[in-house]
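What follows is one structure encoded as structure tokens, with my remarks underneath.
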Amino acid sequence: METNPTQKHKDTPVGKESALKIAIVGGGPRGLYSLERLLHYARQIAPQRIRVCLYDTSGQPGAGTVYSPKQPAWLLMNYSSKNIDAWVRDDMGSEDPMSPESIRHDLENYPSLVQWLDKHHPEMADPDQAIPRAIAGEYFRDCYAQVLREKPENVSFVLKSATVKDVVRQKDRWAVMTVEESQEYDEVLLSLGHGANVGSANPEEWFHPHSYESRVGMSQNRTKHLVNSTYPVAAQLSEEKVQPGSKVAIRGFGLTFIDACLSLTEGRGGKFKQLKTGEWEYEMSGHEPEIIYPYSRTGRPMLAKPDARKVTRSPGLSTIWKRGKEQLRKLESSEYGLDFNSQMKPILVETAAEALRVQQGEKTKEGITSTFRYDEPSSDSMLSWLAGWSGGTVFPVDIWNRLTDSYRTATGLRPADEAWAIAETWRELYPALVERISYGGLSEASWELFQLYAAEMERIAFGPPAESVGKLLALIKSGLVELRFLTGSPVAFVKQHPLESQSELILRNDQSQIIVDSIVNAVLPASQHATEGSLLYNLLQRKTLSRFRNTGGIAVDHETNALNEMEHAVSGLSVVGRPTEGCVLGNDTLSRTLHPESDRWAKRLIKSFTQTNSNMQMKLKNEELLKEHSDTLINQA
Ligand SMILES: Cc1cc2nc3c(=O)[nH]c(=O)nc-3n(C[C@H](O)[C@H](O)[C@H](O)COP(=O)(O)OP(=O)(O)OC[C@H]3O[C@@H](n4cnc5c(N)ncnc54)[C@H](O)[C@@H]3O)c2cc1C
């Protein structure tokens, strides 16, 4: 391991303590959490001095790009407000000054999202509601302002609204480089989130085949477009790029597809209305595309998350979740790590079966208990549901049925089923999975199988709020969204017209082929992706950072230190969040309890800094004593 980075303040004047210089790159929610923790611990070591610089491209520190307060209101959070709290509230009253204890019981100054909504947007303060991401962004922006308001005096802080292009080791410090300048720091934290690969959407990376033009020419007086990324929706899905009355293909059928769809409909003045039956209806504005064709590799949709206001959960479920988590936590690991298929999956499917048995005893608000079934829920019935979900040929009608069933179950119009049980189990047991799988807990041999399972769970358990699925169903019903190209191995490509000098955008699958006017990419780059020339790419190329075994995630240790290829800590460089996905599980979340890495990072830095300073003081004192002693000896002589 390299030496401690905080033992290197060569420019420290003799007899004086140095200031620790820290850069945080990335000012999204996780950059905010890290800053908050750093300032919290820094206060406790005053008067020792800390200098902090936050670099952020978004121009909206705290909120970052994902929760930009400037985005439109139809872009919703994918989970309910009660899950979001920007403040740490654990271990209150702890006597250890370095515990995560904080003064956060003052809810006026440190509100959770729901408490903040109560004051600023009371009409949205329902804890079970999925609010617009822009509103969540306002909350994070306010939290950032609060963190700076209470900045301790021993901390100096600078915000730089700039993109960091590179971070380079220079002697015993790190040079953080933007286009305009280079500054040196003792410690750098990368908290890049989606910014690690945003802007990477190059048609070559997603379009088939590799020949393409971003503006392909005119046909029927329409400009044909390849739209490389869905966000920001106002610019990417403008009426110029996706014209009213045009045919548009959208690559992907996940959360980003829903955002794209709502932007092309509700965002164009269309109106959704909820009927008494609970279903939604769509009223056109006339500015929508004529038709939207989603296409995706698997055709499997994302299922609706249950609306807690409409689905009564059996009180017996909490015991089941507790037991499931305990079972996962107690699993014995071999020297190679845990095996997902033989050790973890059986616990997940048995827990799901038990949960469904218990839940079926419960009524929904509409009084529905269960549909008639021949068999009791069991591990086998869960496994056979999963096999049916991911296997076999999918037809548009299957997709419609899956979406409809999930919407109706999520809104209490239909009893709980296997999909509900498997999804609830994944959500509830997820913290135990994160604990056991992160930092190499899973054997390398079972990683691939786990990833396949996790990818399906992403669709089954981490889908959109029920309302968004209800709206999507309304669009399908109105004929605006057509499911035909979600099956039969779809591909999209540019074809040169044989007679004209123009080219055409083609969407084709095993059954049919159509010409479309634009194709929108609604698939986000994978968390492992690093765009050529980006900060992450540069650090990987120079082998400053490495990938964690076969997971693809950036390698870090439990204390957030970046690890090199030998799995040794890289002195003074730490990474948190999405780029570490795989090494650390389940990063793409706002949850502070699931991921306390920001806390670990800040505590480690401050502890080692104080340790270094006190060692330095001790050394100076010893030197003084030694000098005094030798002076006395000389004088005596
Ligand atoms: C469309 C979308 C919807 C989502 N919805 C939810 C949800 O409902 N609930 C949920 O829990 N999670 C959701 N997520 C996951 C989301 O990524 C996390 O909740 C959260 O954004 C993670 O915060 P972060 O700070 O790690 O990353 P980000 O929010 O991505 O913030 C990273 C910040 O770093 C900046 N940055 C990056 N690189 C640089 C650089 N080189 N120089 C300077 N600045 C840089 C970026 O501009 C950005 O401001 C969603 C993600 C997306 C993309």
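The values are calculated or read from the model by the stated rules, or taken from the named source; none is laboratory data. These figures come from a predicted structure and were not determined experimentally. Don't worry about glycine lacking a Cβ; one is built from the backbone with ideal geometry, like all the others, and counts go over all protein chains shown. When the accessible area is computed, the model is the full protein with side chains, heavy atoms only, and any ligands, DNA or RNA have been set aside. Shrake-Rupley method; radii C 1.70, N 1.55, O 1.52, S 1.80 Å.
Among the residues of region 133-141, are any modelled with pLDDT of 95 or more, of a type in the set (Asp, Glu) and either surrounded by 16 or more Cβ atoms within 10 Å (Cβ to Cβ) or within 14 Å of the ligand (Cβ to nearest atom) (or both)?
yes
For Pro152, indicate whether it is modelled with pLDDT under 95, open to solvent by less than 20 Å² (accessible area, probe 1.4 Å) and more than 11 Å from the ligand (Cβ to nearest atom).
Here the answer is no, as Pro152 does not meet what is asked.
Contact list please: Cβ distance under 7 Å, first residue in region 388-403 and in contact (Cβ under 8 Å) with a residue 40 or more places away in the chain, second residue open to solvent by 60 Å² or more (accessible area, probe 1.4 Å), pairs at least six apart or on different chains.
Every condition considered, the pairs that remain are Pro396/Arg484.
Kindly indicate whether Ala466 is at pLDDT 95 or above and small (Gly, Ala, Ser).
Yes: the conditions hold for Ala466.
Output yes when any residue across region 569-591 is more than 20 Å from Asp186 (Cβ to Cβ), open to solvent by 10 Å² or more (accessible area, probe 1.4 Å) and polar (S, T, N, Q), and no when none is.
yes
Each row is one residue, and each column tells you yes or no for (1) open to solvent by 60 Å² or more (accessible area, probe 1.4 Å); (2) touching a Phe, Trp or Tyr at 6+ places or on another chain (Cβ under 8 Å).
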{"site": "Gly278", "(1), (2)": "no, no"}
{"site": "Glu281", "(1), (2)": "yes, yes"}
{"site": "Met284", "(1), (2)": "yes, no"}
{"site": "Glu290", "(1), (2)": "yes, no"}
{"site": "Tyr293", "(1), (2)": "no, yes"}
{"site": "Asp307", "(1), (2)": "no, no"}
{"site": "Thr312", "(1), (2)": "no, no"}
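Pull out all pairs, ordered by first then second residue, where Cβ-Cβ is under 8 Å, the residues are six or more apart or on different chains, the first lies in region 66-83 and is under 21 Å from Ser591 (Cβ atoms), and the second is part of a loop (DSSP other than H, G, I, E, B) and open to solvent by 60 Å² or more (accessible area, probe 1.4 Å).
Ser68/Pro232
Can you find even one residue in region 481-489 that is more than 30 Å from Glu283 (Cβ to Cβ), assigned to a helix (DSSP H, G or I), at pLDDT 95 or above and not acidic (Asp, Glu)?
No, because not a single residue in region 481-489 is more than 30 Å from Glu283 (Cβ to Cβ), assigned to a helix (DSSP H, G or I), at pLDDT 95 or above and not acidic (Asp, Glu).
Quick one: count up the residues across region 34-64 that are farther than 16 Å from Val176 by Cβ, within 18 Å of the chain's Cα centre (by Cα) and open to solvent by less than 10 Å² (accessible area, probe 1.4 Å).
Result for region 34-64: 3.
Could you please give the count of residues in region 83-114 that are farther than 15 Å from Gly137 by Cα, open to solvent by 30 Å² or more (accessible area, probe 1.4 Å) and at pLDDT 55 or above?
8
Do the conditions hold for Val570, that is, is it over 18 Å from Tyr33 (Cα atoms), assigned to a strand (DSSP E or B) and either within 16 Å of the ligand (Cβ to nearest atom) or of a type in the set (Ser, Thr, Tyr) (or both)?
For Val570, the condition - over 18 Å from Tyr33 (Cα atoms), assigned to a strand (DSSP E or B) and either within 16 Å of the ligand (Cβ to nearest atom) or of a type in the set (Ser, Thr, Tyr) (or both) - is not met.
Determine whether Leu524 is within 30 Å of Glu239 (Cα to Cα) and either in a strand (DSSP E or B) or at pLDDT below 95 (or both).
In short, yes.
Would you point out which residue out of Ile258, Ile320, Ile291 is within 16 Å of the ligand (Cβ to nearest atom) and modelled with pLDDT of 95 or more?
Only one candidate qualifies: Ile258.
Looking only at region 47-75, which residues are in a strand (DSSP E or B) and within 12 Å of the ligand (Cβ to nearest atom)?
Matches in region 47-75: Cys53, Leu54, Tyr55.
I'd like the full set of residues that are more than 11 Å from Val491 (Cβ to Cβ), touching a residue at least 60 places away in the same chain (Cβ under 8 Å) and not in a strand (DSSP E or B), limited to region 505-519.
Matches in region 505-519: Asp517 only.
Being on the phi < 0 side of the Ramachandran plot, aliphatic (A, V, I, L, M) and open to solvent by 20 Å² or more (accessible area, probe 1.4 Å) is the requirement here; does Leu545 meet it?
no
Please enumerate the residues belonging to region 221-268 that are open to solvent by 40 Å² or more (accessible area, probe 1.4 Å) and out of contact with any strand residue (DSSP E or B) (no Cβ under 7 Å at 6 or more places or on another chain).
If the condition is that a residue be open to solvent by 40 Å² or more (accessible area, probe 1.4 Å) and out of contact with any strand residue (DSSP E or B) (no Cβ under 7 Å at 6 or more places or on another chain), then Asn221, Arg222, Tyr231, Pro232, Ala234, Ala235, Glu239, Glu240, Pro244, Leu255 are the ones that fit.
Based on what the data block shows, is Leu573 touching a residue at least 40 places away in the same chain (Cβ under 8 Å) and under 30 Å from Ala260 (Cα atoms)? Steps first, answer last, please.
On the way: touching a residue at least 40 places away in the same chain (Cβ under 8 Å): yes; under 30 Å from Ala260 (Cα atoms): no.
Criteria not met by Leu573.
Please verify whether Leu563 is open to solvent by less than 30 Å² (accessible area, probe 1.4 Å), hydrophobic (A, V, I, L, M, F, W, C) and free of Cβ contacts under 8 Å to residues at least 24 places away in the same chain, treating the condition exactly as stated.
When the stated conditions are applied, Leu563 passes them.
Looking at (1) farther than 25 Å from Met77 by Cβ; (2) in contact (Cβ under 8 Å) with a residue 24 or more places away in the chain, which one does Thr319 not meet, given that it meets all the others?
The failed condition is (2).
Would a scan of region 594-612 turn up a residue that is open to solvent by less than 20 Å² (accessible area, probe 1.4 Å), assigned to a loop (DSSP other than H, G, I, E, B), of a type outside the set (A, V, I, L, M) and within 16 Å of the ligand (Cβ to nearest atom)?
yes
Can you name every residue in region 501-542 that is open to solvent by 50 Å² or more (accessible area, probe 1.4 Å) and farther than 25 Å from Gly26 by Cα?
Ser501, Gln502, Arg508, Asp510, Gln511, Gln513, Ile515, listed by residue number.
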